[in-house]
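See below for the structure under consideration.
The values are calculated or read from the model by the stated rules, or taken from the named source; none is laboratory data. Remember, predicted model here, so these are calculated numbers, not experimental data. Here Cβ is always computed from backbone atoms with ideal geometry, including for glycine, and neighbour counts include all displayed protein chains.
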Amino acid sequence: MLKNFLQMRLKGLVVLAVIVLLLPLFFNNPFHYDLATQIAIFAATVVGLNLLVGFAGQISLGHAGFFGVGAYFSAVMTGTYGWTPLPTMLVAAVVVALLAWLVGRPILKLKGHYLSMATLAMGFIIAIIINNEGWLTGGPDGMSVAPFSIFGWELSSFNQYSLFGIEFGGDVAWYFFAGFLLLVAVWIAENIIDSPIGRALRSVHGSEIAARVVGVDTSYYKSLVFVVSAVYASLMGSIYAHFSGFITPHLASFEQSIVLITMVVLGGMASTFGVILGAVVLKLLPQVLADFQELEMMMFGLILMLTMIFMPKGLFPTLQNKLAERKRKKSEEQA
Amino acid sequence: MFAEFIQYLFTGITIGATYALIALGFTLIYNSSHVINFAQGEFLMIGGMATVSFVGMGLPMPVSIVLAVLLAGVIGICLQRFAIAPAKKADVVTLIIITIGASIFIRGVAQLVWGKQYHVMKNFSTDKPIHAFGAVLNSQSFWVVGIGAILVVALVLFFSRTMTGKAILATSMNKDAARLVGIRTQMVLMLAFMLSALLGSIAGIIVAPITFTSYDIGIMLGLKGFVAAALGGLGSGVGAIVGGLLLGIVEAMTAGYISSDYKDAVAFSMILLVLFFMPRGLFGSRVVERV
């Protein structure tokens, strides 16, 4: 049973790795790489958010705030103060972890809609500060960000690289780097889910009082997963800032928080691969709908609404169930 | 000094009255179905925009207002019927996303019909400002506060004197028991959404001459209404009114005395602070969680 389970988990990770490796076969211009890199970064962010929303059952309508703090911390420190990107990113993550812990303790005592309200308020406050402190953040006009570098090796979309005699552009390098980060993010998340922490989180989701009765320190675990998901967002925010080279306060906005939570719910709560699918769909949909021009917004709302009404569990779990059902029917027919 | 204070206070009460009406809409829907309707702000947008365009077609103002309110009511019923009712077994977050999807859809349609530009609505009565206590007041402010007060009184009478109102109250207290005594709870849910839409659209119409109106004003107004409702305590009518007025006044005071850039930040900090100490808002009822 356990062996089976481990195999299944590894299988998912391997499938994801193969997809990441093979996707470039379908890419034929830098725009595709750019979009795929963005999707990978957002997918990694929502894999973290899913720990909080899908597994612990706590709603956050302000997660873009953490994403924004990570992005702006990296941008300001590397740009204005000349710090090196990688350590800066880690310092940003520590700052966000502290912030999330401080805010999380009192906030996570709240239930249901009050928790939504509080996280929404927190996200809004962060976005307003980023918007208004123009001397530091460039205000609504945004600011440019230095390229990423690992131990002195610069990673920029505009550079050319060569490895084993193969020449490739910076956009390709970024794509594989982001894909690698996504795999690491999934691997860590899957490990957390199968650890005692993950079990504690699921017990909180089931019934918080029951969990407390059997001795789970629910408020500790809730704060912990809040911090973990905030750190995911912060790290990916930093990465996104370096990748895109230019950031605006929109990254931290309420709309962006809604996009993140929609990725989780649309793809399938409590399913790591589901939320990745959610990120893919939500990032691709506007590209597809862009052809419809002024109809775009209406169609986006309609698709979102209809999907959630008819697949309340999300895309991935619904498709999974359908496949399983078909398999069962087939085996029944054979018997 | 005093004149300044009165000025800010009046601004605060005017916008606060609007927030209170939105919050009452939230409360109505929350009580009957436990859904937080993120499309609530769109009812305000529909009210204001539809009135402007009916007037533009040459209809007299009162007729335009009635038509706009009816339109919002129909959309409210459709929202319940076609978006909320089919998904009754969904999670809280899923319902939130559904109402957000609905609000994006409504906004998208509004953008198609009315365009992206700002629309201006004339004051109900004179355009001349009114001087009182040294402050300069927009005559429309009196309409906002007056109509807001009338609506609140009407709601109180509706819930305490009419059979339909009592049926809504009964359903919000215990759905199964309500069904047992013969209340058609599905009807009640539709009615609650319709009432909420009526309230929202009226709020949108009376405030439109002051704030102007455009297809995307619903997002922020809806959120402010949610803040007001949570501040007062979800599900409490008194809470919604107090929360709305308090929020409006605090915002106006912050904008006047501190910085208008940070008026929203102060409003959101206030809700955080209140929730830290009173996790169910100012007037929220204590609910025991069943295991």
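Applying the criterion of being crowded, with 16+ Cβ neighbours inside 10 Å and of a type in the set (Asp, Glu) to the residues of segment A:172-208, the residue that is farthest from A:Gly112 (Cα to Cα) is A:Glu190. One residue stands out among those in segment B:60-91 that are over 21 Å from the mean Cα position of the chain (by Cα) and at the interface with chain A (Cβ under 10 Å from one of its Cβ atoms): the one that is modelled with the highest pLDDT, which is B:Phe82. Of all residues in segment B:235-252, none satisfies being in a loop (DSSP other than H, G, I, E, B), surrounded by fewer than 18 Cβ atoms within 10 Å (Cβ to Cβ), of a type outside the set (Asp, Glu) and modelled with pLDDT under 90.
Across segment B:153-194, the number of residues qualifying as assigned to a helix (DSSP H, G or I), β-branched (Val, Ile, Thr) and in contact with a helix residue (DSSP H, G or I) (Cβ under 9 Å, 6 or more places away or on another chain) comes to 6. Checking each residue of segment A:76-95 against the condition of being modelled with pLDDT of 95 or more and among the aromatic types (Phe, Trp, Tyr) gives no match. Of the helices (runs of 4 or more DSSP H) lying entirely inside segment A:132-207, those containing at least 2 residues that are within 14 Å of chain B (Cβ to nearest Cβ) and at pLDDT below 90 are A:196-206. Of all residues in segment A:255-267, none that is more than 19 Å from A:Pro312 (Cβ to Cβ) has its Cβ atom under 7 Å from the Cβ atom of a residue that is among the hydroxyl-bearing types (Ser, Thr, Tyr) and surrounded by fewer than 24 Cβ atoms within 10 Å (Cβ to Cβ), 6 or more apart or on another chain. One residue stands out in segment B:215-228 among those that are within 14 Å of another protein chain (Cβ to nearest Cβ) and within 15 Å of B:Trp114 (Cα to Cα): the one that is surrounded by the most Cβ atoms within 10 Å (Cβ to Cβ), namely B:Gly218. A residue that is under 30 Å from B:Ile13 (Cβ atoms), in a helix (DSSP H, G or I) and hydroxyl-bearing (Ser, Thr, Tyr) cannot be found anywhere in segment B:112-133. For segment B:36-59, the tally of residues that are within 14 Å of chain A (Cβ to nearest Cβ) and surrounded by fewer than 24 Cβ atoms within 10 Å (Cβ to Cβ) stands at 1.
Scanning segment A:51-85 for residues that are in a helix (DSSP H, G or I), buried (at least 24 other Cβ atoms within 10 Å of the Cβ) and not aromatic (Phe, Trp, Tyr) yields a total of 14. Selection of first residues in segment A:20-37 that are aromatic (Phe, Trp, Tyr) and of second residues that are surrounded by 15 or more Cβ atoms within 10 Å (Cβ to Cβ) and outside any helix (DSSP H, G or I), restricted to Cβ pairs under 6 Å at least 6 apart or on distinct chains, gives the following pairs, ordered by first then second residue: A:Tyr33/A:Phe27.
Tell me whether segment B:254-273 contains one or more residues that are acidic (Asp, Glu), more than 8 Å from every other protein chain (Cβ to nearest Cβ) and under 21 Å from the mean Cα position of the chain (by Cα). No: segment B:254-273 contains no residue that is acidic (Asp, Glu), more than 8 Å from every other protein chain (Cβ to nearest Cβ) and under 21 Å from the mean Cα position of the chain (by Cα). The residue pairs whose first member lies in segment A:38-58 and is of a type in the set (Ser, Thr, Tyr), whose second member is buried (at least 24 other Cβ atoms within 10 Å of the Cβ), and whose beta carbons are closer than 7 Å, counting only pairs six or more residues apart or on different chains, are A:Thr45/A:Phe67; A:Thr45/A:Tyr232; A:Thr45/A:Ala233; A:Thr45/A:Met236; A:Thr45/A:Leu260.
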